[in-house]
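The values are calculated or read from the model by the stated rules, or taken from the named source; none is laboratory data. All values reported here derive from a predicted model rather than from experimental measurement. With ideal geometry, Cβ positions are generated from the backbone for all residues, glycine too; neighbour counts draw on all protein chains shown. For the accessible areas, the whole protein counts, side chains as well, though only heavy atoms, and no ligand, DNA or RNA atoms are used. Shrake-Rupley method; radii C 1.70, N 1.55, O 1.52, S 1.80 Å.
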Amino acid sequence: MTARELDAAGITDPLLRAAYTHCRRLNARHGRTYFLATRLLPADRRPAVHALYGFARWADDIVDSLHSGAGPGERAAALTRLDEGLRRALARHARGDGAPQGRAEERPGHGAPVAGDEPVVLAVADTAARYAIEPDHFGDFMASMRSDLTVTGYATYDDLRAYMHGSAAVIGLQMLPVLGTVTPRAQAAPHAAALGVAFQLTNFLRDVGEDLDRGRVYLPADLLSAHGVDRDLLRWSRATGRADARITAALRAAEALTRAVYREARPGLAMLDPVARPCIRTAYVLYRGILDAIAEDGYAVVHRRAVVPRRRRAAVAAGGLARIAAARLGARHRKRPLPAGYGTRRGPAPAPETAAAVAGRRPGETWPDTKEAG
């Protein structure tokens with residue numbers, strides 16, 4: 001339950017609790033894969049992850065709010081309000097305005113929440129203060145969000161990487177203080193940034209058709225043109241539902257590029273706090289599995305999204321639960337000797353909910369608060 005997560009994190013202020021709960025709902029509704037992985041984190045760290053994701057999701061929704069009829073000017077104004085609200089909230093925390101609450105009372109510079117702020121702003125500013133997240137990461141993120149209002153394509157992969165620094169790499173860097181590391185954070189940072197980029201490249205490949213409908217092509221133009229593909233050919237394929245060998249070849253090349261970034265990110269998994277590794281490893285495997293699903297579906301992403309089968313998701317979740325048990329058992333070994341009789345009836349309790357049930361639950365449904373699930 002959300003209440004136990006908030007209690008575990010020491011979040012007691014009612015306004016903040018409501019803000020974090022709002023972010024959790026955004027995560028459940030929009031981030032099915034990532035929400036499942038987040039369930040594998042210790043309960044006290046989940047609210048921070050929901051806050052970071054919720055803020056990013058809210059900004060992304062503003063950019064993509066075509067369904068509401070909002071024009072570029074309205075969306076730009078909404079992004080500016082969000083950015084200014086976050087800057088004010090971060091500044092309050094830096095000054096220490098208001099009475100501190102919960103665990104943040106041990107940290108200098110914690111400011112009290114202000115009722116007029118967006119819930120996502122309240123939660124993410126509180127998270128930034130608790131974990132001393134670099135404020136520049138949020139500035140870089142908002143810069144990329146603003147570019148989405150005017151930029152509809154990228155000539156080269158280098159151009160796309162510059163955009164993804166703010167839209168994806170900094171998300172990985174924001175997560176590091178929450179997850180914790182067993183190495184100096186600077187050593188893990190490049191791998192965390194690469195993982196954020198790998199996840200976003202996966203989304204770009206999965207969402208080619210939907211992005212076309214929004215007038216955007218995120219796959220680099222030089223990669224597409226190397227296989228004889230341009231925007232007009234993609235639009236023709238989307239409109240007619242017909243495949244083209246040139247498009248398939250370009251998408252296969254984009255898949256290979258994305259897999260290479262996953263290889264850049266992989267060494268960072270072992271650098272994370274052992275209790276956080278199952279979450280990120282599960283996200284890594286599930287997101288990379290989207291690439292497998294794309295290939296198995298014949299690279300038909302211009303016409304439809306590829307989906308990882310529920311059975312495969314369940315198997316990955318089961319592996320995550322097993323790693324959680326191993327990590328917690330290791331932590332117990334480090335903290336104290338094993339109690340007498342361990343290994344008979346004194347071992348870790350079995351998970352009250354199966355991995356298959358966790359993997360199969362729909363976004364937005366109530367998730368039971370199970371100890372083995374985090």
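Among 33-42, 13-22, 288-297, what's the highest-first ranking by average C-beta atoms within 10 angstrom per residue?
Working: 33-42: 23.7, 13-22: 19.9, 288-297: 17.3.
The densest-packed peptide leads the list: 33-42, 13-22, 288-297.
Which Cα, out of ALA293, ILE280, THR258, lies furthest along the positive dipole direction of the range 253-301 (beta carbon charges, K/R +1, D/E -1)?
Sorting the options by dipole projection puts first ILE280.
Would you mind working out the magnitude of the charge dipole of the range 219-269 relative to its Cα centre, with +1 at each Lys and Arg C-beta and -1 at each Asp and Glu C-beta, to the nearest 20 Debye?
Details: 9 positive and 6 negative charges, 37 e Å.
Dipole about the Cα centre, nearest 20: 180 debye.
Arranged from highest to lowest average of other beta-carbon atoms within 10 Å per residue, in what order do the peptides 133-144, 200-211 appear?
On the way: 133-144: 18.2, 200-211: 20.5.
Answer by packing, highest mean first, reads 200-211, 133-144.
Is the range 219-286 rounded, prolate or oblate when judged by the Cα gyration tensor, a ≥ b ≥ c being the square roots of its eigenvalues, rounded requiring a/c under 1.5 and prolate requiring a/b larger than b/c? Each step should come with its number before you reach the end.
Details: a/c = 4.37, a/b = 2.70, b/c = 1.62.
Taking the square roots of the gyration eigenvalues as a ≥ b ≥ c, the range 219-286 is prolate.
Starting with the highest mean, order 244-253, 151-160 by the number of other Cβ atoms within 10 Å, averaged over the residues of each peptide. List each step's numbers first, then the result.
Numbers: 244-253: 17.5, 151-160: 15.1.
The densest-packed peptide leads the list: 244-253, 151-160.
Roughly how many Å² of LEU173 are accessible to a 1.4 Å probe, to the nearest 10?
Ignoring ligands and nucleic acids, LEU173 comes out at about 40 Å².
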